[in-house]
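Below is one structure, written out as structure tokens, with a few remarks after it.
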Amino acid sequence: MNEDKETKKYELTFWLKDEDASPVKKVLEKRGAEVSAEKPLAKFRLSYPIKKEANAVLGSVAFAMDPAAIAGLTAELNAVPGVLRFVVSAASERKVDSAPAAEGTAAPAARGRGGFFRRERAEAKPVGEVLTNEALEKKIEEISQ
């Protein structure tokens, strides 16, 4: 790939009919993508059929490519018969904070960096004095008088 062109990092996640990812890899090579990481293929039973298929193979590839070539890549992947569905997304450059949180501070996930569905938990309010039954009855009598 030419060094003078600006490249960005992307991730391609795809569902295949068969356990053969070579057609996807060929399309990436043909379009000049620099593959940096590849996750092993995993076979799944789908919750709902995709193109009348009940089972599919999930794969993911991280690569760098010229942003102008992404449109051609998606058009060519749509033409590959073994690909059921795919998505190309920009790779995140965000660092993951693996250090434990200091006492009294929120953990990274609680600060909103842990995922879309995570929510901060409300801090527990201190409980007032605990009353015995006798003391509670006495307070009720005082209030009702």
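A short reminder: the numbers here are calculations on the coordinates, not readings from a lab. In this text the structure is predicted, and so the values were computed from the model without any measurement. So basically every Cβ, Gly included, is an ideal-geometry build from the backbone, and we count neighbours across all protein chains shown.
What to note about this one:
- Annotation: peptides 68-75, 26-33, ranked by per-residue average of other Cβ atoms within 10 Å with the highest first, follow the order 26-33, 68-75.
- Summing +1 for each Lys or Arg and -1 for each Asp or Glu among the other residues whose beta-carbon sits under 13 angstrom from that of Ala33 gives +1.
- Between the residues Phe44, Leu16, Gly59, the greatest Cα displacement towards the positive end of the dipole of the stretch 8-90, with unit charges on the Cβ of Lys, Arg, Asp and Glu, is found for Phe44.
- Reduced Cα scattering model of the stretch 8-90, Debye log10 I(q)/I(0), q = 0.11, 0.12, 0.17 Å⁻¹: -0.27, -0.32, -0.63
- Length released on extending from Ala64 to Val80, taking residue separation times 0.36 nm less the Cα-Cα span: 3.7 nm
- Placing a pseudo-label 7 Å from each Cα along the Cα-to-Cβ vector at Glu34 and Lys51 gives an inter-label distance of 3.1 nm.
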